[in-house]
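Student: Take this structure first; my questions come after.
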2 protein chains.
Amino acid sequence: MTKAVYLCRLTKNVVEEKIDHRNLPMPTVSHRSHTVPLSPFRKLIPLADAAKVRGRKVYHLNIGQPDILTPPLALKKFREVPLEILAYSPAEGNLSYRQALVDYYLRYDIDLVTENIIVTTGGSEAILFFMLACLDPGDEIIVPEPFYANYNGFAHIADIRVIPITCEIEDGFSLPSMAAFAAKITPRTKAIFITNPNNPTGCSYSPAELYALTELVVQHDLFLCADEVYREFCYDGNLFLSALSLPGLAEHAVVIDSVSKRYSACGARVGALVTRNTQVTDAISRYAKLRLSPPGLGQILSEFMLEEDTAYLSGVKDAYEKRRDLVYQRLQAMPGVTSYLPGGAFYCFARFPIHSAEDFCRWLLEEFSYQGATVMLSPGQGFYATPGLGVDEVRIAYVLNEQDLGAAMDCLEVALATYPGVKRAAAETVSR
Amino acid sequence: MTKAVYLCRLTKNVVEEKIDHRNLPMPTVSHRSHTVPLSPFRKLIPLADAAKVRGRKVYHLNIGQPDILTPPLALKKFREVPLEILAYSPAEGNLSYRQALVDYYLRYDIDLVTENIIVTTGGSEAILFFMLACLDPGDEIIVPEPFYANYNGFAHIADIRVIPITCEIEDGFSLPSMAAFAAKITPRTKAIFITNPNNPTGCSYSPAELYALTELVVQHDLFLCADEVYREFCYDGNLFLSALSLPGLAEHAVVIDSVSKRYSACGARVGALVTRNTQVTDAISRYAKLRLSPPGLGQILSEFMLEEDTAYLSGVKDAYEKRRDLVYQRLQAMPGVTSYLPGGAFYCFARFPIHSAEDFCRWLLEEFSYQGATVMLSPGQGFYATPGLGVDEVRIAYVLNEQDLGAAMDCLEVALATYPGVKRAAAETVSR
């Protein structure tokens with residue numbers, strides 16, 4: 001039978017008759033897709049939706065989506081761009097935007113050239129690109145835990161291992177000793193991966209901690225990959241120290257960046273990977289070319305956001321610092337609650353006098369209300385890779401204005417005072 | 001030594017002194033990053049840049065970046081959106097945009113619900129997500145070659161194998177026989193992956209070919225993944241038949257889509273993955289959540305582009321059809337050139353009477369000019385996975401207006417008449 005005859009014989013009806021679905025298996029999805037790690041609060045989303053249907057106001061302190069305005073002046077200028085063809089940008093990003101980023105990093109005394117910067121689709125893509133470009137399957141990164149849970153997901157795609165090193169709430173989640181880090185290093189270790197300031201802990205690492213890491217990564221020939229998307233949000237007058245400013249790390253330091261948090265522009269999906277290591281930029285560039293270009297509109301907006309952002313950023317930082325103070329003071333006043341003064345970002349962790357933060361978060365959404373409202377938090381366990389850690393902890397994202405944040409903390413205070421699962425004795429002991 | 005003592009002891013200067021870079025190796029990039037497949041014309045880009053520096057006009061027929069305007073009315077509406085916070089969209093895309101896409105597919109008699117559609121960062125991300133969600137490492141997809149070269153790159157990230165099945169220029173690159181497909185199926189085959197209409201060949205598959213594939217994928221329990229981003233560009237009055245319209249493929253058909261080509265909005269980075277298989281949408285959704293959201297601005301613009309696009313799309317299709325006719329007629333008139341009338345997209349392949357299309361493309365940029373101009377083409381070899389194929393072929397993207405396209409074809413005609421590497425005897429034989 002010739003091809004032409006074969007093709008002509010077939011018609012839609014013939015095909016339909018031939019297919020007997022009862023006896024045919026269906027194609028199945030991949031095994032790996034079943035084990036993609038999910039967000040720590042994903043299971044709670046339907047409960048929050050149901051609470052809203054029941055008329056509850058839900059204060060969302062579970063997600064890093066701020067209520068801060070995206071810079072209005074930048075949006076105005078963006079709208080005035082006489083765009084006619086929304087073409088691909090270069091795979092590495094628009095040259096003018098990369099040049100603007102060079103100027104931006106100079107504010108932090110970080111001296112770069114445009115070739116050191118590859119614009120990515122959010123910080124997310126920069127994380128994945130780093131893992132693909134610098135690690136082979138089975139290689140390891142050491143990450144202080146608790147950490148941003150989606151690192152697990154990108155590691156899953158890249159088929160690399162995340163080796164946690166545990167930080168303690170009693171230390172405000174500062175870095176463990178370098179001896180503890182060194183003990184985690186194996187022949188497969190390729191990088192130490194930090195988030196500074198930290199999501200989910202809000203910890204802002206000190207120069208001493210970062211210099212110690214510097215020595216460690218050089219000694220062991222590792223990359224130091226630093227996710228610095230909360231760079232602008234360092235409080236109490238502390239200066240931010242970038243991995244790109246650390247001495248002797250020109251070949252070792254790789255920085256993940258993003259406009260999402262800086263400008264409250266999470267939907268722009270514009271990030272960057274920054275390093276002076278040309279081997280790394282070459283490798284990243286190969287991955288970047290596959291997906292042709294980062295978002296074009298987001299890049300144009302981001303370039304405007306970089307202009308004249310001083311007053312904006314200083315206002316936003318003040319707003320977050322006030323929110324942080326509010327959350328810290330309220331948590332300190334709650335019996336049995338362990339917390340600390342976070343130095344940066346817009347998150348803090350808290351330990352509650354309860355057995356299971358997951359149960360508590362579910363109860364908040366399913367059963368609790370105070371003045372018609374409740375609060376959604378992220379259970380802490382999902383931010384740890386070590387089993388059993390964080391079960392009585394939560395992450396609080398102080399992304400709401402002070403009035404809403406105050407009302408949310410009222411809810412939390414009343415909830416902890418009335419939750420049936422609270423460890424009363426422990427609470428009394430600690431609060432004494 | 002306690003941690004505190006250790007940390008305090010360190011200062012920047014101490015660290016700098018301690019590090020002796022002469023004796024330390026540098027961290028190295030991954031092995032896999034060295035083997036990321038590159039674009040077929042990447043090596044030519046510096047040559048094109050150099051030609052421009054020498055004052056040459058370079059007609060770019062090497063890349064699918066059209067000179068068609070992005071819908072001006074949609075851009076106008078987009079500019080008027082009173083956006084205050086550019087927040088994350090849902091990971092699966094804005095519900096209103098997914099609903100608009102449901103309406104869009106109804107134009108093709110494709111009946112969907114919003115849950116069948118996951119908005120992605122360009123078609124590129126949809127391809128990668130399909131590979132991750134439906135294939136495990138080492139699994140195989142069968143792809144008619146020549147094919148879009150970046151499929152190799154996404155397969156490289158997902159660690160899956162691309163099994164080529166060769167199409168012939170003499171057949172206008174229509175699909176090989178189903179027996180030839182069946183011969184490529186192994187226990188690791190998970191999908192047949194087609195691009196319809198095709199990039200790089202412009203072939204638009206007939207209903208008969210698609211029904212034959214339908215039978216094959218059902219018999220062998222495979223996914224049929226169809227990249228249909230050129231759906232609107234089917235010429236000669238032919239109707240487009242989507243994989244989503246094929247009988248009995250509800251669980252098998254997965255479609256890759258994008259606004260890039262449809263609306264000449266390549267920089268929007270808005271695509272979609274569409275399937276009625278809920279196992280697949282669940283799996284894709286897990287990957288989508290990791291990167292939080294597709295581009296927000298691009299989604300808003302895309303929703304406007306979908307409105308009132310009938311006149312726009314019909315005008316664009318007419319423009320491309322005229323360009324196709326021009327390229328086809330000009331190629332037919334060139335001695336020794338083998339080509340065909342492509343039925344869709346905005347590409348065609350051509351075989352030249354030369355030994356190496358790579359050498360020819362390089363010569364065009366380095367040595368040739370006609371009336372101060374030259375033309376950049378994509379060497380064909382990079383679109384084949386089978387070694388040795390396509391060495392005397394090129395891809396021509398007819399993305400320029402008729403005047404520029406005519407001038408580019410003038411260049412090509414003169415170049416083939418004067419290129420020292422042309423096979424004269426063969427050319428004369430064929431043109432007789």
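The values are calculated or read from the model by the stated rules, or taken from the named source; none is laboratory data. All of these numbers come straight from a predicted model, not from anything done at the bench. Here Cβ is always computed from backbone atoms with ideal geometry, including for glycine, and neighbour counts include all displayed protein chains.
Student: Given the criterion within 13 Å of A:Asn62 (Cα to Cα), modelled with pLDDT of 95 or more and not small (Gly, Ala, Ser), identify the matching residue among A:Leu365, A:Leu416.
Tutor: Numbers: A:Leu416 fails: within 13 Å of A:Asn62 (Cα to Cα).
Result: A:Leu365 is the single residue among A:Leu365, A:Leu416 that is within 13 Å of A:Asn62 (Cα to Cα), modelled with pLDDT of 95 or more and not small (Gly, Ala, Ser).
Student: In addition: Here are B:Pro164, B:Pro144: which of them is surrounded by fewer than 23 Cβ atoms within 10 Å (Cβ to Cβ), outside any helix (DSSP H, G or I) and either aliphatic (A, V, I, L, M) or modelled with pLDDT of 95 or more (or both)? Even if it seems obvious, please write down each step before you answer.
Tutor: Working: B:Pro144 fails: surrounded by fewer than 23 Cβ atoms within 10 Å (Cβ to Cβ).
Within the list B:Pro164, B:Pro144, the selection yields B:Pro164.
Student: Hey, can you tell me all the residues within segment A:293-314 that are without any contact (Cβ under 8 Å) to a residue 40 or more places away in the chain and within 12 Å of B:Gly267 (Cβ to Cβ)?
Tutor: To start, the set of residues in segment A:293-314 that are without any contact (Cβ under 8 Å) to a residue 40 or more places away in the chain comprises A:298, A:310-311, A:314.
Within segment A:293-314, just A:Gly298 meets the criteria.
Student: Sticking with this one: Can you pull out the residues in segment A:167-207 that are surrounded by 19 or more Cβ atoms within 10 Å (Cβ to Cβ), more than 20 Å from A:Leu389 (Cα to Cα) and more than 14 Å from chain B (Cβ to nearest Cβ)?
Tutor: Passing the criteria: A:Asn196, A:Pro197, A:Ser204.
Student: Taking segment A:96-123 as the search range and keeping residues that are part of a helix (DSSP H, G or I) and in contact with a Leu (Cβ under 6 Å, 6 or more places away or on another chain), which one is farthest from the other protein chains (Cβ to nearest Cβ)?
Tutor: Keep residues of segment A:96-123 that are part of a helix (DSSP H, G or I), which gives A:96-106, A:114-116, A:122-123.
From the residues that got through so far, the ones that are in contact with a Leu (Cβ under 6 Å, 6 or more places away or on another chain) too are A:100, A:102, A:104-105.
Numbers: A:Ala100: 18, A:Val102: 21, A:Tyr104: 19, A:Tyr105: 19 Å.
Within segment A:96-123, the match that is farthest from the other protein chains (Cβ to nearest Cβ) is A:Val102.
Student: While we're here: Taking segment B:167-185, which residues are over 22 Å from B:Gly344 (Cβ atoms) and either assigned to a loop (DSSP other than H, G, I, E, B) or in contact with an Asp or Glu (Cβ under 7 Å, 6 or more places away or on another chain) (or both)?
Tutor: Answer for segment B:167-185, where residues must be over 22 Å from B:Gly344 (Cβ atoms) and either assigned to a loop (DSSP other than H, G, I, E, B) or in contact with an Asp or Glu (Cβ under 7 Å, 6 or more places away or on another chain) (or both): just B:Ile185.
Student: Residue check, B:Pro137 against (1) assigned to a strand (DSSP E or B); (2) surrounded by fewer than 24 Cβ atoms within 10 Å (Cβ to Cβ); (3) within 12 Å of another protein chain (Cβ to nearest Cβ), all met but one. Which one?
Tutor: (1)
Student: Report yes if some residue within segment B:47-55 is farther than 29 Å from B:Lys317 by Cβ, crowded, with 22+ Cβ neighbours inside 10 Å and more than 8 Å from chain A (Cβ to nearest Cβ); otherwise report no.
Tutor: The answer is yes, given that some residue of segment B:47-55 is farther than 29 Å from B:Lys317 by Cβ, crowded, with 22+ Cβ neighbours inside 10 Å and more than 8 Å from chain A (Cβ to nearest Cβ).
Student: Spot the failing condition for B:Pro420; the list is (1) farther than 28 Å from B:Glu145 by Cα; (2) part of a helix (DSSP H, G or I), and only one is missed.
Tutor: (2)
Student: When you check A:Phe360 against the structure, is it away from every other protein chain (no Cβ under 14 Å), modelled with pLDDT of 95 or more, surrounded by 21 or more Cβ atoms within 10 Å (Cβ to Cβ) and touching an Asp or Glu at 6+ places or on another chain (Cβ under 6 Å), yes or no? Break it down stepwise before answering.
Tutor: Details: away from every other protein chain (no Cβ under 14 Å): yes; modelled with pLDDT of 95 or more: yes; surrounded by 21 or more Cβ atoms within 10 Å (Cβ to Cβ): yes; touching an Asp or Glu at 6+ places or on another chain (Cβ under 6 Å): no.
Against the criterion (away from every other protein chain (no Cβ under 14 Å), modelled with pLDDT of 95 or more, surrounded by 21 or more Cβ atoms within 10 Å (Cβ to Cβ) and touching an Asp or Glu at 6+ places or on another chain (Cβ under 6 Å)), A:Phe360 does not qualify.
Student: Assigned by TED's automatic domain parsing to the domain that holds A:Asp139 and touching a residue at least 40 places away in the same chain (Cβ under 8 Å), is that true of A:Val280? Before you say what the answer is, go through the steps one by one.
Tutor: Values: assigned by TED's automatic domain parsing to the domain that holds A:Asp139: yes; touching a residue at least 40 places away in the same chain (Cβ under 8 Å): yes.
Taking the combined requirement at face value, the residue satisfies it.
Student: Then there's this: Suppose we filter A:Phe154, A:Phe130, A:Phe78 for residues that are at the interface with another protein chain (Cβ under 9 Å from one of its Cβ atoms), at pLDDT 95 or above and under 30 Å from B:Arg42 (Cβ atoms); which single one remains? Give the steps one after another, and end with the answer.
Tutor: Details: A:Phe130 fails: at the interface with another protein chain (Cβ under 9 Å from one of its Cβ atoms); A:Phe78 fails: under 30 Å from B:Arg42 (Cβ atoms).
So the residue among A:Phe154, A:Phe130, A:Phe78 that is at the interface with another protein chain (Cβ under 9 Å from one of its Cβ atoms), at pLDDT 95 or above and under 30 Å from B:Arg42 (Cβ atoms) is A:Phe154.
Student: Right, another one. Kindly list the number of the only condition in (1) surrounded by fewer than 24 Cβ atoms within 10 Å (Cβ to Cβ); (2) within 21 Å of the chain's Cα centre (by Cα) that fails for B:Gly380.
Tutor: B:Gly380 satisfies all of (1) surrounded by fewer than 24 Cβ atoms within 10 Å (Cβ to Cβ); (2) within 21 Å of the chain's Cα centre (by Cα) except (1).
Student: Need pairs with beta-carbon distance below 7 Å; first residue aromatic (Phe, Trp, Tyr) and within segment A:249-274, second part of a helix (DSSP H, G or I); sequence gap 6+ or separate chains.
Tutor: Listed by first residue and then by second, the contacts come to A:Tyr263/A:Met305.
Student: Next up: Kindly establish whether A:Lys57 is modelled with pLDDT under 95, not assigned by TED's automatic domain parsing to the domain that holds A:Thr201 and not aliphatic (A, V, I, L, M). Full working, then the answer.
Tutor: Details: modelled with pLDDT under 95: no; not assigned by TED's automatic domain parsing to the domain that holds A:Thr201: yes; not aliphatic (A, V, I, L, M): yes.
No: the conditions fail for A:Lys57.
Student: Still on this structure: Among the candidates B:Pro66, B:Pro40, B:Pro27, which residue alone is crowded, with 20+ Cβ neighbours inside 10 Å, modelled with pLDDT under 95, at the interface with another protein chain (Cβ under 7 Å from one of its Cβ atoms) and not in a helix (DSSP H, G or I)? Reasoning before the result, please.
Tutor: Values: B:Pro66 fails: at the interface with another protein chain (Cβ under 7 Å from one of its Cβ atoms); B:Pro40 fails: at the interface with another protein chain (Cβ under 7 Å from one of its Cβ atoms).
The conditions single out B:Pro27.
Student: While we're here: Tell me which of these B:Gly271 doesn't satisfy, since it passes every other one: (1) farther than 30 Å from A:Cys266 by Cβ; (2) touching a strand residue (DSSP E or B) at 6+ places or on another chain (Cβ under 8 Å); (3) among the small types (Gly, Ala, Ser).
Tutor: (1)
Student: So which pairs qualify, if the first residue must be in segment B:315-332 and β-branched (Val, Ile, Thr), the second must be assigned to a helix (DSSP H, G or I) and at pLDDT 95 or above, the Cβ gap must be under 8 Å, and the two must be at least 6 apart or on different chains?
Tutor: Final answer for the pair search is B:Val327/B:Leu405; B:Val327/B:Met409.
Student: Can you say whether A:Tyr398 is assigned by TED's automatic domain parsing to the domain that holds A:Phe349 and either at pLDDT below 95 or closer than 20 Å to A:Glu367 by Cα (or both), as far as the supplied structure shows?
Tutor: no
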